[in-house]
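Chemist: Got a structure for you, written out below as structure tokens; questions coming shortly.
Only the coordinates and a few stated rules stand behind these numbers; no lab work does. Owing to the predicted nature of the structure, the values given are computational and were not obtained by experimental measurement. Quick reminder, even Gly has a Cβ in these numbers, built from the backbone with ideal geometry, and neighbours come from all protein chains shown.
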Amino acid sequence: MLKLNLFISLLIFGSLIAVNDAARGSRRGKMTEAPSTTPKVESSEENSSEEETFKILVTHPEVPQEALDLMSRGCKLIMCESLPPNRTEILQKAKGVHGMFWGSHIPLDKEVLDVAGPQLKSISTMSAGIDYVDVEELKKRKIPLGHTPIVLSDAVADLAMGLMLSAARRFHEGRTKIDSSTWENYHIEWMWGQDVRDSTVGFFGFGSIGQAIAKRLKGFDIERVLYTTRRPIDKKLEKQFNAQKVEFHELLGQSDFLFIAAPLTPETEGIFNSTAFPKMKKTAVLINIARGPIVNQDDLYTALKTNQIFSAGIDVMNPEPLPANDKLLTLPNIVITPHIGSATKRTRTDMATIAAHNVLRGLVGEPMLSPAY
Ligand code: DGY
């Protein structure tokens, strides 16, 4: 059994500063305040004066330095070196660690937990989505899990706006016209797209990311917002965004732009499929910045190919990476980015720092900054 040393209170102090920043949505403060001490632990073995140190497995070699500095002040970091991150290496290095900084989307499952052993007491992902984590198994073992939602919402919302505009106004197809010297702008109707102004915008999932998108849309003079969520959102927020909760079939039927911003769960997997697409407007634009498997990709291909919907903009797909010969890439009316929603220096650094605080706080038995449950 491990026991905390006296300096842990300073670790908590460091985490509290970051909590305050997190509460401010990380907009002003940088998530880099470090605990000014060493979260070393002493062995509680009766006859042992030997001091032990928490070991944290860091499953990605490129975790931002700020997060590594934070964790290495008192813990021994076991670094994985493979790129892309590699499950075999993780399994080789997991044995005996107390914490895990899970820096990739490799499944975090029973096998990993078994290999690590019963001393494992704290894990954080560096992502908002935790669909690759066996949450039930962690709960069964009473291991707290942290993740990093909210801090990435602005970056993801920025990308979502880009996808919406580029799919509505046919950026990709336009580029191919230039490449093939087939400008035909002598036609009045050439390359007509969809107006955002006065549109109905639907959100499948209206949490922090959906709301960050809605905030940006305020400058676009849209008509109204519709959403589906598991729970209705706060009335004040509904008023702020002129948003109305509707049934899924209404969302499909009424949205001019439809953003997928929900977690991947057994309920959401494949819900955008050959039953859903024909219910959408032929002029509708679909944007997915959540998880690829929420959309049945074969059905999306057919819907785009046969003009059941106007276009799509997606940052997530199935599988990832998408093979270069995938049929989706042959379509003119889809804009695809390679899962880069949170890919800015500031956002990734903040995500890493929050994840580091999560792990450290879990190690000392304190509530995490952003617990997953
Ligand atoms: C997330 O945080 O879930 C993003 O998809 C990046 O991993």
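Chemist: Give the peptides 332-342, 352-362, 55-65 in descending order of average Cβ contacts within 10 Å, highest first.
Modeler: So the order, starting with the most tightly packed, is 352-362, 55-65, 332-342.
Chemist: Helix by helix, which DSSP H runs in the chain go 15 Å or more along their axis at the Cα atoms and have an average Kyte-Doolittle hydropathy of 1.6 or more?
Modeler: 8-23
Chemist: Among bridges DSSP assigns within the chain, what percent are antiparallel (round to 5)?
Modeler: 15
Chemist: For region 102-189, just the Cα set please: Rg and Dmax, both in angstrom.
Modeler: Rg and Dmax of region 102-189, Cα atoms, are 22.4, 71 Å.
Chemist: Can you pick out the pairs among Lys215/Lys239; Lys55/Lys95; Lys245/Lys305; Lys93/Lys121 whose Cα atoms lie more than 20 Å from each other?
Modeler: Lys245/Lys305
Chemist: Average the reciprocal distances over every distinct pair of alpha-carbons in region 158-206, invert the result, and give the Kirkwood radius in Å.
Modeler: Details: mean 1/r = 0.0791 Å⁻¹.
This gives a value of 12.6 Å.
Chemist: Just add up the charged neighbours of Pro332: K/R +1, D/E -1, any other residue whose Cβ is under 11 Å from the Cβ of Pro332.
Modeler: +3
Chemist: Give me P(r) over region 181-338, computed from all C-alpha to C-alpha distances, binned every 5 Å, as integer percentages.
Modeler: In order of increasing distance, the bins hold 2, 9, 18, 22, 20, 15, 9, 4, 2, 1, 0 percent.
Chemist: For Lys281, list the aspartates and glutamates whose Cα falls under 13 Å from its own Cα; do not include residues on the same chain fewer than 8 positions away.
Modeler: Answer for Lys281, where 13 Å is the Cα cut-off: Glu250, Asp256, listed by chain and number.
Chemist: Given a cut-off of 40 Å, what percent of all Cα-Cα pairs of the chain lie beyond it?
Modeler: That fraction is 23 percent.
Chemist: Normalising by the residue count of the chain, find the relative contact order in percent from Cα pairs under 8 Å and 6+ residues apart.
Modeler: 19
Chemist: Okay, next question. Which FRET efficiency value, to the nearest 0.05, is calculated for Asp326 and Thr53 with the Förster distance at 51 angstrom and r the Cβ-Cβ distance? Write out the running numbers ahead of the final one.
Modeler: Numbers: r = 47 Å, r/R0 = 0.91.
Working from the Cβ atoms, E equals 0.65.
Chemist: Please quote Rg/Rh for region 240-310 to two decimal places, taking the Kirkwood radius as Rh and restricting both calculations to Cα atoms. Walk me through the numbers on the way to the answer.
Modeler: On the way: Rg = 11.8 Å, Rh = 12.4 Å.
Using only Cα positions, Rg/Rh for region 240-310 is 0.95.
Chemist: Viscosity 0.692 mPa s, temperature 37 °C: Stokes-Einstein D of region 271-373 from its Kirkwood Cα radius, in µm² per second?
Modeler: After rounding, the answer is 207 µm²/s.
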